[in-house]
Amino acid sequence: MRRSLRFVARLLRWSVYAIFFTLVLVVVALLVLQTGWAKNQLPALIVRQANQYLTATLSIGRLQGSLVRGIELSDVMLARNGRTLISIDDVAVTYSIRELFSQGTSIRLIRIARPRVVVEKEADGRWNLGALIRRSTRVSQRSGPGRPIHIRSIEVSDGAVSVLAPVSFGPAHIPTVYEDLDLNFSLDYQPVAWKASFAHASFKGKAPD
């Protein structure tokens, strides 16, 4: 039971890591994009920058909001080899320009509506979401970005996760389908360790129930 709970926690972390790294790239680009023309070009710039750090391909349907205080992204998708790994209807990011660069990167709120995540094992045995981010900083056997990152609140609503492989720990079989996923947590990163603090987490699991 303890191993299955650890796997579920790892699954939740993987589901937000790729989204999180993409959003960090979004807000870093905002300082130099203040004109109407630049705002129209921002989705393409985000995609180009993010794809340098991702092993999958990012696409964004629409961007709106204030570049100074926060933006909203619609129809966000991460795909690899023609297969959609993560799709999100809407992502809203609230931040302060000063806090983006003061003693690391700080984001006040990320609100993620209706994410759809597909989890499966790759040919080398690794889980696909665990291999989405290209590694940069390495300490011993651990790796990650070289800059501290703090997200005060991440809110996920009406999410769904599909695991395309049965997961069992001895006689225990955890669900492979998670629906009505709602999360509220914070995420802190100090090179090279992550810490997630959950205020709320709920979902319905099936297959098996």
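Count charges around Leu58 for me, please; just the other residues with Cβ under 11 Å from its Cβ, Lys/Arg as +1, Asp/Glu as -1.
With Lys, Arg at +1 and Asp, Glu at -1, the neighbours total +2.
Tell me, in nm to one decimal, what length is gained between Asp182 and Arg134 on full extension, where the rule is 0.36 nm per residue of separation less the Cα-Cα distance?
14.5 nm
How about Lys206: which aspartates and glutamates have a C-alpha closer than 13 Å to its C-alpha, ignoring those fewer than 8 places off in the same chain?
Straight-distance partners of Lys206: Glu179, Asp180.
Roughly how many nanometres apart are two label points built 7 Å out from the Cα toward the Cβ at Ala199 and Val47?
With each label placed 7 Å out from Cα toward Cβ, I get 3.4 nm.
Taking 0.36 nm per residue of separation and subtracting the Cα-Cα distance, what length does fully extending Ile97 through Glu155 add?
18.8 nm
Can you list the residues, at least 5 places off or on another chain, whose amide H is less than 5 Å from the amide H of Thr105, using H built in the peptide plane?
Residues meeting the amide H criterion: Ile149, His150.
Kindly report, to the nearest 10 Å², the accessible surface of Lys121 as traced by a 1.4 Å probe over protein heavy atoms only.
We get 120 Å² for Lys121.
Using a probe radius of 1.4 Å on heavy atoms only, what accessible surface per residue do you get for the range 46-136? Whole Å² is fine.
Averaged over the residues of the range 46-136, the accessible area is 50 Å².
If I model a spin label at Arg111 and His173 as a point 7 Å from the Cα along the Cα→Cβ vector, what separation in nanometres do I get?
3.9 nm
So if each residue of separation counts as 0.36 nm, and I subtract the Cα-Cα distance between Glu120 and Ser66, what length gain in nm does that give?
Contour length minus Cα-Cα distance gives 15.8 nm.
The values are calculated or read from the model by the stated rules, or taken from the named source; none is laboratory data. Please read these numbers as outputs of a predicted model, since none were measured by experiment. As a convention, Cβ positions derive from the backbone with ideal geometry for all residues, glycine included, and neighbour counts pool all protein chains shown. Heads up: the accessible areas ignore ligands, DNA and RNA and are worked out on the full protein's heavy atoms, side chains in. Shrake-Rupley method; radii C 1.70, N 1.55, O 1.52, S 1.80 Å.
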